[in-house]
Amino acid sequence: MPELPEVETVMRGLQARLEGRVLRRAVARRPDLRWPLPPNLVERLTGARVTSFRRRAKYILMRLDNGWSVLLHLGMSGRMLLEPIGRNELTPHEHLELETDDGWRVGFVDPRRFGSIDLIDTAKEDSHRLLAGLGPEPLDDAFSVPVLDAALKGKKTPIKAALLDQKVVAGLGNIYVCEALFRAGISPQRQADSIPGTRAKRLVPAIKETLREAIAAGGSSLRDYVQTNGELGYFQHAWKVYGREGEPCPACPGLPACDGVRRIVQSGRSTFYCPRTQR
Ligand SMILES: [Zn+2]
């Protein structure tokens, strides 16, 4: 499932190619993904100029010059393709196709159809039902130590679960919560209401740095954020603890007190951490 840095790189790839372009053609190949597509989607897209992009949590917003924003969510298996018109055959499960006035083609591919596409009045983006309840954007200044302190006060859940709560901070998923807790030296099992204060002062920058580094890695490993097969945004990223059960722990090289990265299951999902340095 794409996480925030992947969504950010997909958005930057779309932005690099589509901003300022007119959408000459739009085709919707099914009436629904996770939810029904707006009935006037194709009509609103066709002939519109793309003016700007924005990411909010794991949603991409593509603004058009007709006052509408297209909301895109990649769901579990969604991918975006970007290629010159006519280079390849249509990909299976390509549900939405766009063509630009300068000869490029964008495809939204989603075999499992957990993704979503909607239209929002650009002036009312933040009141859309999928965006209205979201907490602060982790890379914005609005996500700060006092804000996290307030959000965690009185929370009896483990900090890992609290950080996955989209009302506490928007867009964090399993991988980057593990990585940020490792960087901050905080146990994923620690009760959330023990974080405010000194631990939050480590955690907030750890979250921001972890995400920034992953976004930078995507930008440097992909030319214009596009892979050679035309797929946008995904990249091999070296996580420090995620998916590394039993491997040497990068925080304690050669230390006998640490027997490597440990995996536990919290709320049905894997957590990877170092029991020695994460307290
Ligand atoms: Zn360790």
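The values are calculated or read from the model by the stated rules, or taken from the named source; none is laboratory data. Keep in mind that this is a model prediction, so the values were computed, not measured. Positions of Cβ are generated from backbone atoms using ideal geometry, with glycine treated the same way; all protein chains shown enter the neighbour counts. Ligands, DNA and RNA are stripped out before the accessible areas are found, and what is left, the full protein with its side chains, is counted by its heavy atoms. Shrake-Rupley method; radii C 1.70, N 1.55, O 1.52, S 1.80 Å.
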TODO: Label the range 145-279 by shape, choosing from rounded, prolate and oblate, from the square roots a ≥ b ≥ c of the eigenvalues of the Cα gyration tensor; if a/c is under 1.5 it is rounded, and otherwise prolate applies when a/b is larger than b/c, oblate when it is not.
DONE: oblate
- [ ] Please list E89, E8 in order of solvent-accessible area, largest first, computed with a 1.4 Å probe with all protein chains present.
- [x] E89, E8
- [ ] Please get the size of the charge dipole for the chain, origin at its Cα centre, with Cβ charges of +1 on Lys and Arg and -1 on Asp and Glu, quoted in debye to the nearest 20.
- [x] 900
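Where does the range 4-127 land on Rg/Rh, using Cα atoms and the Kirkwood Rh? Don't skip to the end; give the middle numbers.
On the way: Rg = 13.1 Å, Rh = 14.3 Å.
Result: Rg/Rh = 0.92.
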Task: Cα-centre dipole for the range 4-127 with unit charges at Cβ (Lys and Arg positive, Asp and Glu negative), debye to 20 - done: 160
Task: Table column - 3J(HN,Hα) (Hz), the range 203-217, Karplus curve with 6.51, -1.76, 1.60, x for Gly and Pro - done: 6, 4, x, 5, 4, 5, 5, 4, 5, 4, 5, 5, 5, 5, 5
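Return the calculated 222 nm mean residue ellipticity for the chain, to the nearest 500 deg cm²/dmol, obtained by summing -39500 (n - 2.57) across DSSP H runs with n ≥ 4 and dividing by the residue count.
That comes out to -7500 deg cm²/dmol.
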- [ ] Please give the per residue accessible area of the chain, computed with a probe of 1.4 Å over protein heavy atoms only, in Å².
- [x] 45
Open item on the list: Counting only protein heavy atoms and a 1.4 Å probe, tell me what percentage of the chain's accessible area is made up of carbon and sulfur.
Closed with: 49
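By accessible area of protein heavy atoms, probe 1.4 Å, what ranking do D102, D126 get, highest first?
Numbers: D102 60, D126 85 Å².
Listed by decreasing accessible area, they come as D126, D102.
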